[in-house]
Amino acid sequence: MKIPERMKNIVILVLCLCLGILSKAQDLNRAKLDSLIAIANNSHSDSEHITALNQITTSYWYVGSPVVKDSFLYYAKLAVGEAKKSTYKLGYAEALFNYGRYHVSASNRMVEATPSFLESLAVFEELNDSTGISRCYVQLGVVNFSMQNYEVAIEKHKLALRYKDNITSKYLLAICYSELDSVKQAKTYFQLAIQDYTKQNNHDRLIECFMYLGRMFIKTNQLDSGFYYLNKSVALLKTSDDALKRRRPYAFLATAYLKSNDLKNAMFYAHKSYVDGKNNLDEITVAESLHVLAQASALQGNYKNAFQYLNELYDLKNNSLSGSIKQKIADMQSQFTYVKEMNEQKIRQEKDREFAQQQINQQKNLRNAFIISAVLLLLSLALLYSRFQLKRNANLELEVKNEMISNEKDRSDKLLLNILPTEIADELKRTGESAARQYEHVTVLFTDFVNFTGISEKMKPTDLVQVVHKYFTAFDAIMDKYGLEKIKTIGDAYLAVCGLPLEVEDHAIRVAKAALEIQQLTLQKDSQFQIRIGIHSGPVVAGIVGVKKYAYDIWGDTVNTAARMEQHSETSKINMSGATFELVKDAFHCAYRGKIEAKNKGQIDMYFLDSVKV
């Protein structure tokens, strides 16, 4: 069809006008940023300088383009660093808040965002800034919601609303309650959110409210209400230019049609949402679609496709790391609560000390007054003796209390050294914290009992615990003998490392000797278990996990590879990687096994450790 010349001219004119408006907006934003950068560079006060840096960071956050991510991060870090050196606490709180928002919105790294929000919250609380406190709780709620930790998300958003009313918390509270099947509470917050978004004419949020409201009714088998709200969401989406936004409503519609036994529509909507969800890395949509596709295929008698969909759904859930991330976030939130309680306790102790000192000073003044009175007025020695007895009793009581405090401190120190390396425990007592550290050269050891499940089923639980305790106690002694650091036990698995927190050059040699001694222990005739051992050398990150129950742990690809070495070992064998072999080959006899395929690692050179060279 031929387009009239006049219509072409109109289209060209509109395009030019749009480009001109966009260019003008970009110029205005650039001019605003240039102005703020000039203020930041030329300001004479800390507050003005830090406020300008925070405004620059916020400006980049509102742009939301991937192109400005680096600038966003640069100014967020710069603002935190500058504010930390100053006495401008409000600026420091805002800088920490912006740094946390970078990790949430620009990089989707929830674990890195959490400590920034928690520290920002602490400063806002110190300043009694209700708006800042509410904003921090909103973001902590968003972090926990993203990790599907709905109970904690509800707690944070309710705290946010307590300090200041906001639509985001109402909306996310509605979705959290719907995910927990708390229909009554979810409907209440959905109604509040829909009212507010309608006043704002926010179509995108209204679409999401109708979508999740429909999903909630479908989950609770209220199909008519579910179809009503899901179709309402899809109807609003038809006015949107972004067709990809339909993927999640389509996935929920597929579930609705499956529940109403309309397999044709269920397969149609599930397939469309599956393709769009997979292209956009939307795990929730893909999981929902795969679930429908598997069930619908099975109901149609296509068991081959149903099995394939179920396999893909299993792999998707199995590869998710949200559980470990949720634990890290929960640990950080617990640490924040612990530190806050410790600070409050410290303040109380300081007040108690001041009061005790005041009491002692008063006692001294009274004693002096009595002595002067006795000398001048020749009063009875009984009064002087009475004051002396009071002072003596007070001192005795003070000595008893000091001894109790000293004993409690010694007990706490011993307990801390039992769960943490000496160097880490000393740092924790000295500074109150211990940062995670990178160690470039360590060797990691993994052990695992062969057929543990089968053997354990034939033993009484108490007997099983005694036997495992006996072996792990022996392993602990071997670790001490060769200078290895025990990290933890996971069921029947034992994890240790050499080369941290004190670095040693012969870490691989020490681990090899320890492995051979463990091997000999389990080869004895009366041994109830046989063992597999895996060893790998490389870099790791080590640090403290948790606060209420401290745990020193290690992370990194080296740990994963050591686990793969153990999995690919054989009964009563010690399997090591090529990296470890290069470090011990001059001291030990080893047998090359060839390149072996390891899960998520590709082909790895593997060796069996046989014996020490004479």
When (1) modelled with pLDDT under 90; (2) open to solvent by less than 30 Å² (accessible area, probe 1.4 Å) are applied to Pro115, the one that fails is (2)
Can you spot a residue in region 457-465 that is open to solvent by less than 70 Å² (accessible area, probe 1.4 Å) and either of a type in the set (Gly, Ala, Ser) or within 17 Å of Ile535 (Cβ to Cβ) (or both)?
-> no
Would you be able to tell me the number of residues in region 372-391 that are open to solvent by 70 Å² or more (accessible area, probe 1.4 Å), on the phi < 0 side of the Ramachandran plot and not basic (Lys, Arg)?
-> 10
Please tell me if Ile419 is at pLDDT below 70, surrounded by 12 or more Cβ atoms within 10 Å (Cβ to Cβ) and touching a strand residue (DSSP E or B) at 6+ places or on another chain (Cβ under 9 Å).
-> yes
Go through (1) in a helix (DSSP H, G or I); (2) modelled with pLDDT of 75 or more; (3) under 26 Å from Leu118 (Cα atoms) and name the single condition Thr87 misses.
-> (1)
Restricting attention to region 426-463, report how many residues are touching a Phe, Trp or Tyr at 6+ places or on another chain (Cβ under 9 Å) and of a type in the set (A, V, I, L, M).
-> 5
For Thr131, state whether it is at pLDDT below 90, open to solvent by 20 Å² or more (accessible area, probe 1.4 Å) and among the polar types (S, T, N, Q).
-> no
For region 185-209, the count of residues that are within 14 Å of Lys232 (Cβ to Cβ) and open to solvent by less than 30 Å² (accessible area, probe 1.4 Å) equals 5
How many residues of region 569-583 are under 11 Å from His536 (Cβ atoms) and open to solvent by 50 Å² or more (accessible area, probe 1.4 Å)? The answer is 1
Scan (1) among the aliphatic types (A, V, I, L, M); (2) more than 14 Å from Gly534 (Cα to Cα); (3) in a helix (DSSP H, G or I) for the single condition Ile554 breaks and write down its number.
-> (3)
Quick one: in region 573-614, of everything that is in contact with a Lys or Arg (Cβ under 8 Å, 6 or more places away or on another chain) and of a type in the set (Phe, Trp, Tyr), which residue is nearest to Thr522 (Cα to Cα)?
-> Phe608
Can you name every residue in region 503-529 that is of a type in the set (Asp, Glu) and part of a helix (DSSP H, G or I)?
-> Glu517
So, in region 584-594, of the ones that are of a type outside the set (Phe, Trp, Tyr) and under 16 Å from Gly534 (Cβ atoms), which residue ends up most open to solvent (accessible area, probe 1.4 Å)?
-> Arg593
Selection from region 597-613 of residues open to solvent by 40 Å² or more (accessible area, probe 1.4 Å), over 12 Å from Leu516 (Cα atoms) and part of a strand (DSSP E or B) yields Glu597, Gln603, Asp605
If Gly454 satisfies every condition in (1) more than 23 Å from Asp426 (Cα to Cα); (2) open to solvent by less than 60 Å² (accessible area, probe 1.4 Å); (3) touching a residue at least 12 places away in the same chain (Cβ under 8 Å) but one, which is the exception?
-> (3)
Within region 281-291, how many residues turn out to be open to solvent by less than 40 Å² (accessible area, probe 1.4 Å) and either under 18 Å from Gln148 (Cα atoms) or more than 31 Å from the chain's Cα centre (by Cα) (or both)?
-> 5
Would you point out which residue out of Tyr482, Tyr494, Tyr471, Tyr439 is under 18 Å from His536 (Cβ atoms), open to solvent by less than 70 Å² (accessible area, probe 1.4 Å), at pLDDT 90 or above and over 26 Å from the mean Cα position of the chain (by Cα)?
-> Tyr482
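Here is a yes/no grid of residues against (1) of a type in the set (Asp, Glu); (2) farther than 20 Å from Ile284 by Cα; (3) surrounded by fewer than 23 Cβ atoms within 10 Å (Cβ to Cβ); (4) in contact with a strand residue (DSSP E or B) (Cβ under 9 Å, 6 or more places away or on another chain):
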{"site": "Tyr150", "(1), (2), (3), (4)": "no, no, yes, no"}
{"site": "Ala153", "(1), (2), (3), (4)": "no, no, no, no"}
{"site": "Lys156", "(1), (2), (3), (4)": "no, yes, no, no"}
{"site": "Ala160", "(1), (2), (3), (4)": "no, yes, no, no"}
{"site": "Thr168", "(1), (2), (3), (4)": "no, yes, yes, no"}
{"site": "Leu172", "(1), (2), (3), (4)": "no, no, no, no"}
{"site": "Val183", "(1), (2), (3), (4)": "no, yes, yes, no"}
Counting only residues that are touching an Asp or Glu at 6+ places or on another chain (Cβ under 6 Å) and under 27 Å from Gly454 (Cα atoms), region 488-529 contains a total of 1
Is it the case that some residue within region 569-578 is of a type outside the set (A, V, I, L, M) and in a helix (DSSP H, G or I)?
-> yes
Inspect all residues belonging to region 293-302 and state whether any of them is on the phi > 0 side of the Ramachandran plot and surrounded by fewer than 21 Cβ atoms within 10 Å (Cβ to Cβ).
-> yes
Among (1) under 26 Å from Ala186 (Cα atoms); (2) at pLDDT below 85; (3) not β-branched (Val, Ile, Thr), which single condition is Gln222 missing?
-> (2)
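The values are calculated or read from the model by the stated rules, or taken from the named source; none is laboratory data. The structure presented is a predicted model; accordingly, all values stated were derived computationally and were not measured. Virtual Cβ from ideal backbone geometry, glycine too; neighbours counted across all protein chains shown. Ligands, DNA and RNA are stripped out before the accessible areas are found, and what is left, the full protein with its side chains, is counted by its heavy atoms. Shrake-Rupley method; radii C 1.70, N 1.55, O 1.52, S 1.80 Å.
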